[in-house]
1. Looking at region 105-144, which of its residues are more than 16 Å from THR79 (Cβ to Cβ) and not in a strand (DSSP E or B)?
2. Let me spell it out: the conditions are (1) surrounded by fewer than 17 Cβ atoms within 10 Å (Cβ to Cβ); (2) out of contact with any Ser or Thr (no Cβ under 6 Å at 6 or more places or on another chain); (3) β-branched (Val, Ile, Thr), and VAL34 meets all of them except one. Which number is the exception?
3. Of these, ALA29, ALA25, which one is among the small types (Gly, Ala, Ser) and in a loop (DSSP other than H, G, I, E, B)?
4. Can you name the residue in region 77-91 that is β-branched (Val, Ile, Thr) and touching a strand residue (DSSP E or B) at 6+ places or on another chain (Cβ under 6 Å) and is also surrounded by the most Cβ atoms within 10 Å (Cβ to Cβ) among such residues?
5. Any residue that is open to solvent by 10 Å² or more (accessible area, probe 1.4 Å), among the polar types (S, T, N, Q) and closer than 17 Å to THR140 by Cβ - is there at least one of those in region 40-61?
Amino acid sequence: GASILTVQGDWINRGTFTPGSGTVAFTGAGTQLVDNYNSETFHNFTVNNTSNTFPQIVLYGELTLNGTNWTMTDGIIETTEAEMLTVGETVVLSGGSTSASYVTGPVTKIGANDFTFPIGDGLKFARLGISGLLASAEFTAQYFEAPYSDISSIGAGINHVSGYEHWT
């Protein structure tokens with residue numbers, strides 16, 4: 001079977017990591033960093049961090065998942081546009097469906113399969129789903145617990161805009 005590399009501290013890569021077909025599992029009890037100069041690729045990815053400190057996982061560089069499994073058991077991942085989490089076409093998400101496990105910041109999904117983005121903003125969980133795609137595409141989603149700033153660019157047929165929150 002495929003191997004599991006368990007990380008209980010920080011992931012600091014200043015060289016080359018070849019993911020193979022295994023899983024990198026972040027199982028720490030404090031904030032964990034994924035730090036690399038350019039980008040990192042994991043085949044499968046598990047987050048089960050029991051820390052009470054927010055966020056539990058912080059990206060310092062891009063992270064791409066290109067395998068088949070992304071498991072979000074416990075822990076919030078912090079991303080930015082420069083430290084993007086990209087989910088490949090064959091990756092299936094397990095978990096990430098509660099306020100204890102999601103991504104605060106943007107997430108990119110590539111593919112044609114239905115997908116629920118496990119996203120939130122700070123300490124608020126607010127997932128977003130896409131479905132019924134006819135072809136492979138790239139989608140980036142992010143939740144903001146703030147009103148949308150430019151309602152003049154909202155398309156025809158929309159009759160309400162939240163004054164409290166929005167997704168992009």
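The values are calculated or read from the model by the stated rules, or taken from the named source; none is laboratory data. Here the structure is a predicted model, which is why all the values come from computation and not from measurement. Backbone-built Cβ (ideal geometry, glycine too); neighbour counts: all protein chains shown. With ligands, DNA and RNA removed, areas are computed over all heavy atoms of the protein, side chains included. Shrake-Rupley method; radii C 1.70, N 1.55, O 1.52, S 1.80 Å.
1. ALA112, ASN113, ASP114, SER131, GLY132, LEU133, LEU134, ALA135, SER136
2. (1)
3. Details: ALA25 fails: in a loop (DSSP other than H, G, I, E, B).
Only one candidate qualifies: ALA29.
4. Start the filter on region 77-91 by keeping residues that are β-branched (Val, Ile, Thr), which leaves 77, 79-80, 86-87, 90-91.
Imposing the further condition that a residue be touching a strand residue (DSSP E or B) at 6+ places or on another chain (Cβ under 6 Å) reduces the set to 77, 79, 86-87, 91.
Working: ILE77: 28, THR79: 24, THR86: 20, VAL87: 24, VAL91: 23.
Restricting to residues being β-branched (Val, Ile, Thr) and touching a strand residue (DSSP E or B) at 6+ places or on another chain (Cβ under 6 Å), the top hit is ILE77.
5. no
Matching residues to (1) modelled with pLDDT of 95 or more; (2) under 17 Å from ASN49 (Cβ atoms); (3) of a type in the set (Ser, Thr, Tyr):
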{"site": "MET72", "(1), (2), (3)": "yes, yes, no"}
{"site": "GLU78", "(1), (2), (3)": "yes, yes, no"}
{"site": "ILE110", "(1), (2), (3)": "yes, no, no"}
{"site": "PHE139", "(1), (2), (3)": "yes, no, no"}
{"site": "SER149", "(1), (2), (3)": "no, no, yes"}
